[in-house]
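Report on the structure given below.
The values are calculated or read from the model by the stated rules, or taken from the named source; none is laboratory data. Just so we're clear, the structure is a prediction, and the values are computed from it rather than from any experiment. Cβ placement follows ideal geometry from the backbone for every residue including glycine, while neighbour counts extend to all protein chains displayed. Note: areas computed on protein heavy atoms with side chains; ligands, DNA, RNA excluded. Shrake-Rupley method; radii C 1.70, N 1.55, O 1.52, S 1.80 Å.
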Amino acid sequence: MAGAAAEERRLATVVAGWQGRPVLVVGDAMLDEWRFAESERLCREAPAPVLTLRRRISAAGGAANTAVNVAALGGRAALVAPVGADVAGDELHDCLDRAGVWDRTVGHPGRPTPVKRRMLAGNQILLREDSGDPEDPLDDDGVARLLTALHCATEELRAVAAGQPPTLVVCDYGLGALPSAVRAWLVANRDRYATVALDAHDLADWRGLNPTVVTPSFAEATRLLARAAAGFNGGHRGAARGATAAHLHLDHLADPADGPSELVVGAAPGGAGEREPGSPHPTSGAPAAEHGGVAGPTGEPTPGEERVALTGDGLSVTGTGVTVNAAAGAGVDRAVLAESRLNELREHTGADVVAVTLDTEGAVVGGADGEPRRSHSTPVPASHAVGAGDAYLAAMTLALAAEASLPTAAQLAQLAATITVSDTGTCVCRREDLLDALGSGPEEAGRPTQVGAEELTAIVAEHRRAGRSIVFTNGCFDVLHPGHVRYLTQARALGDLLVVAVNSDGSVRRLKGPDRPVNPVEDRAALLAALECVDHVVVFEEDSPAKLIEAVRPDVYVKGGDYPPEMVPEAPLVRRLGGQVRTLGYVPDRSTSAIIDRIRSHPVVPPVGEGRPA
């Protein structure tokens, strides 16, 4: 037990170490929409259920969900991606704002935001509707603006990291967000990023990137191996162990954009990988390689190359896919197969680390030492696992960026993915949930949210010893409104503990005038303490929170407003104490003063019997 506790503390230390790590996420952003319905009867026109919509949820998807997971796990995430100027795009922006992601997306009015809409009844997915045409390319202006956004976001993240290079995560799901010009820019600027993670449906498109880690699904890994094998001539490994027409194969039938693959057994096609050197490509017309027959995993996919053949001669690669022992039949162990190909996958991708994800079966991870590492997960319904790969990718990337060992990074990544799949919806792993799973969550049981200055100092010291970061903000919060809630939620996402300092009644009168506050400090503090995003509330009598700031020494000091951090009066003090200053805008037309003005301008209607006719 003591050893297990020590291991959990070691893992928690890594989680603490990646706090505030700057991460740029680029790729295909989409909106996940979940529609929960009930059905009690079939319609008369067809044997189909009649659905009554009860609830609708929108969430960030694809690259956007990876960015949300990075932020939720404690990193500082910025997202660069093309987003349509449409309702789905507006909802996606809101999702990013709520999660505290730096939204550096680029608007494209003529290009719709990709959406995946799922209709459920009894938590069972009945259908999914996808919108957003992946064949709709970015125009030249869109590509130019995307490249500008990439450069600016990279420099922005470098600036907040005191000049240190940020981490890069590439999420290429084939929806058109990463055309060749953008891929070329990222390859050419590889040295601007310390750690690079790649999650791509077609890994062959990213030769030259030399990522730190790639996280292909089993189907994506086998497709890359098949395409690499297709470049070998008849005298090489593929032909030597080529499949015959009598062999079985596992055919990947799912849409590549769907994520985890489903494989079924069928009859093997003829050898797609046995083209003679110089013969044309079946789809592109390009000749095969003539120098040793090695073309590598480039160009368009060939027919049948997503197939996995079952033969009797052990593990090998052919032009039609990856072959395994036929005696295994339908019980082929994908983990064993993946373990045997890790070195080749590293060679073909140029990655230091390859993590082949096996959806409900966990993952197989390999590094430069050639030692495969296996992790396991608990099987869950498919509706619970949407986006679990994004949580895995985010945790793996943060751990490697924090210089964790590969076994530690693999363990934390699998844990992050596993603890997110408890319910239906798009998976997001929060830092608090990960620490709780490690037995290292904040010890807040029985501790009041409203505290005095001395008690707050002791609480902050305890959290800091545990490696947690402190976010501090202050204000009058006279009439609590949605702008406040959104602002405080974004502030909470910047660290592990949010402390809200509230001006006393006397302090508010000196700042706002004799007719303020509208609500006494007891009520204002109680409402703030009831918010889930607020950890502790403290009241201060002075006009400035400087004394509290010196006592708390926050890692991040947050103020509301659209002005730059340099205009915040407390900024010099916070920076002198080693903290950083952030300003977050309020929701327009949601200020306390505007609400009070509207109330005062509303005509007073006397009750019946007091000058008002019945």
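Set side by side, the residues GLY100, GLY163, GLY132, GLY122 differ, and just one is touching a helix residue (DSSP H, G or I) at 6+ places or on another chain (Cβ under 6 Å) and on the phi > 0 side of the Ramachandran plot, which is GLY100.
Residue under question is ARG468, and the condition is that it be outside any strand (DSSP E or B), in contact with a helix residue (DSSP H, G or I) (Cβ under 8 Å, 6 or more places away or on another chain) and more than 19 Å from VAL581 (Cβ to Cβ); does it hold?
Yes; evaluated as a whole, the condition is true for this residue.
Within the stretch 378-403, being more than 21 Å from ALA12 (Cβ to Cβ) and either open to solvent by 20 Å² or more (accessible area, probe 1.4 Å) or modelled with pLDDT of 75 or more (or both) holds for THR378, PRO379, VAL380, PRO381, ALA382, HIS384, ALA385, VAL386, GLY387, ALA388, GLY389, ASP390. What are the residues in the stretch 336-369 that are modelled with pLDDT under 85 and in contact with a Pro (Cβ under 9 Å, 6 or more places away or on another chain), if any? Residues satisfying the conditions are ASP359, THR360, GLU361. Pairs are defined by a Cβ separation below 8 Å, a sequence spacing of at least 6 or placement on different chains, a first member in the stretch 490-511 that is under 14 Å from GLU532 (Cβ atoms) and without any contact (Cβ under 8 Å) to a residue 60 or more places away in the chain, and a second member that is of a type in the set (Phe, Trp, Tyr) and assigned to a loop (DSSP other than H, G, I, E, B); the pairs so defined are VAL500/PHE477.
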